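Let me begin by presenting the structure, written as C-alpha cells, before commenting on it.
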Amino acid sequence: MKNSRRILVILLAFTMLFATMPELSVFAQSAESNGRLLYQGHGSLRITTPEGKVIYVDPSAGVGYDASADLILVTHPHNDHTALHLIQTRNSDYQIITHTEALVGGEYKVFDLGYVIVEAVQAGNNPNHSINLCVGYILTLSDGVSIYISGDTSTTEQMAEFAERKLDYAFFCTDGRFNMGIEEAIACADLVKARHSIPYHILPGALFDQALAEQFTAKNRLIIAAGEEIILEAYVPKLIKAVPTAYVQKLNGNMNNLTISVTEYFENGTSNIIKVTISIKNNSANTYQVGPYKVYVDTKGNVQIRECYIVK
Ligand SMILES: [Zn+2]
C-alpha cells in the first residue's frame with residue numbers, strides 16, 4: 001500500500017509542478033482509472049468511484065464535503081455519523097441509505113446502484129449500539145474493489161463469513177469506549193482477513209490519533225491519517241506460469257484447424273485459459289499470437305504436434 005501512497009504523492013507533486021501546463025492528461029487519466037478513498041477522520045469517509053461517483057459514509061468529521069454527492073450512507077443514528085448538512089451539494093439523482101433502509105425486519109438489504117453494490121451487514125452488538133439499529137456496509141465498486149466499513153460495533157457473527165470474500169479494504173472501529181477496543185478489533189481483522197485492515201473511529205472527539213492507530217497491530221494493517229486520500233487498488237494475483245497446448249483437427253484436403261490454448265496459473269489458485277483456432281495447411285510451422293503470448297507450433301502431416309512452446 002505504501003506504493004499507492006507514493007503514487008498519490010507523485011501525482012500530487014506532478015499536479016503542482018505542471019499546474020500551469022495544459023497537457024496533464026496522462027497523469028490525470030491514470031489517477032482517474034482507480035477509485036479513491038478520503039479518510040475525513042473519526043468515522044467519516046468519502047469514496048470516489050472509478051467513474052467519478054461520490055459516496056459519503058457517515059458524514060460528520062473533518063473536511064472534504066465539497067464534492068457533489070451521489071450516495072450518502074449512514075450506519076446508525078448517533079450524531080457523530082449523521083451530519084448530512086455538511087455535504088454542500090448533491091447531484092439530482094443522489095440517494096441516501098441509512099440503517100432504516102438497510103435493515104428491514106431483520107433482513108440486511110443489498111442495493112445494486114450500477115457503479116457500486118452496497119450490502120448492509122451486521123453491526124452494533126454492544127450496550128451502546130443495538131444490533132437492530134446499526135449496520136455496517138460492504139461496498140463493491142465497478143472495478144471489483146471491495147470495502148468493508150464496520151460502523152460502530154463489537155464483534156459480530158457475520159465477520160467470520162467475510163474471509164471467503166477476500167475483501168480488499170476493511171475498516172474497524174477501535175475506540176474501546178462505546179465499541180470494541182483495539183484488541184478486539186485486531187481479533188476481528190483476523191476473522192475478516194482483508195487485504196488491508198484499517199483502524200478508524202479511534203478516539204471519540206478527535207479526528208484521528210496516530211499513537212492509538214499504531215497499537216492496532218492487525219496483519220496487513222494499513223494506517224490512513226485523517227485528511228489522507230488513498231488510491232483504491234483492485235487485487236491482481238501474480239502469474240506463476242503460463243502453459244501452452246495445441247491440437248489439430250483434420251478438415252478436408254490440405255486444410256486443418258489448429259487450436260492453441262494457453263493456461264495461466266495464478267498465485268491465488270485460480271487459472272485462466274486463452275484459446276484461439278487458426279486454419280493451417282499440412283506440415284505448418286509458425287508463431288501465433290494467443291492473447292499476450294506468442295506461441296510457436298510445429299505440426300507434422302495433418303494432426304501431429306511436433307513442438308509447442310511460448311516464444312520469449
Ligand atoms: Zn460513533
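Could you tell me which of the residues 234, 218 is surrounded by 13 or more Cβ atoms within 10 Å (Cβ to Cβ) and touching a helix residue (DSSP H, G or I) at 6+ places or on another chain (Cβ under 6 Å)?
Being surrounded by 13 or more Cβ atoms within 10 Å (Cβ to Cβ) and touching a helix residue (DSSP H, G or I) at 6+ places or on another chain (Cβ under 6 Å) holds for just one of 234, 218, which is 218.
For the range 133-145, which residues satisfy the criterion of being more than 12 Å from residue 121 (Cβ to Cβ) and not in a loop (DSSP other than H, G, I, E, B)?
Scanning the range 133-145 gives 140, 141.
Give the residue that is farthest from the ligand (Cβ to nearest atom), with candidates limited to residues of the range 168-182 that are surrounded by fewer than 22 Cβ atoms within 10 Å (Cβ to Cβ) and in a loop (DSSP other than H, G, I, E, B).
Across the range 168-182, the extreme among qualifying residues is 168.
What pairs come out if I take residues in the range 165-184 that are free of Cβ contacts under 8 Å to residues at least 40 places away in the same chain and pair them with residues that are within 14 Å of the ligand (Cβ to nearest atom) and of a type in the set (Ser, Thr, Tyr) whose C-beta lies under 6 Å away, six or more apart or interchain?
Listed pairs, sorted by first residue: 182/174.
Could you please find all residues in the range 122-132 being surrounded by fewer than 24 Cβ atoms within 10 Å (Cβ to Cβ) and either in contact with a Lys or Arg (Cβ under 7 Å, 6 or more places away or on another chain) or part of a loop (DSSP other than H, G, I, E, B) (or both)?
Across the range 122-132, the qualifying residues are 125, 127, 128, 130, 131, 132.
Only one of (1) touching a Phe, Trp or Tyr at 6+ places or on another chain (Cβ under 8 Å); (2) within 16 Å of the ligand (Cβ to nearest atom); (3) polar (S, T, N, Q); (4) farther than 15 Å from residue 150 by Cα is not met by residue 49, so which one is it?
The number of the failed condition is (2).
Just to be sure I understand, how many residues within the range 71-91 are without any contact (Cβ under 8 Å) to a residue 40 or more places away in the chain and either under 24 Å from residue 109 (Cβ atoms) or within 10 Å of the ligand (Cβ to nearest atom) (or both)?
Here the count works out to 9.
Taking residue 20, is it at pLDDT 50 or above and out of contact with any Leu (no Cβ under 7 Å at 6 or more places or on another chain)?
So residue 20 fails the test.
Could you run through the range 110-136 and say how many residues are touching a strand residue (DSSP E or B) at 6+ places or on another chain (Cβ under 9 Å) and in contact (Cβ under 8 Å) with a residue 12 or more places away in the chain?
18
Restricted to the range 183-205, and to residues that are within 12 Å of the ligand (Cβ to nearest atom) and out of contact with any Phe, Trp or Tyr (no Cβ under 7 Å at 6 or more places or on another chain), which residue is nearest to residue 40 (Cα to Cα)?
201
The values are calculated or read from the model by the stated rules, or taken from the named source; none is laboratory data. It should be emphasised that the depicted structure is a prediction, and the values quoted were computed from it without experimental measurement. Here the Cβ is made from the backbone with ideal geometry for all residues, glycine too, and neighbour counts use every protein chain on show.
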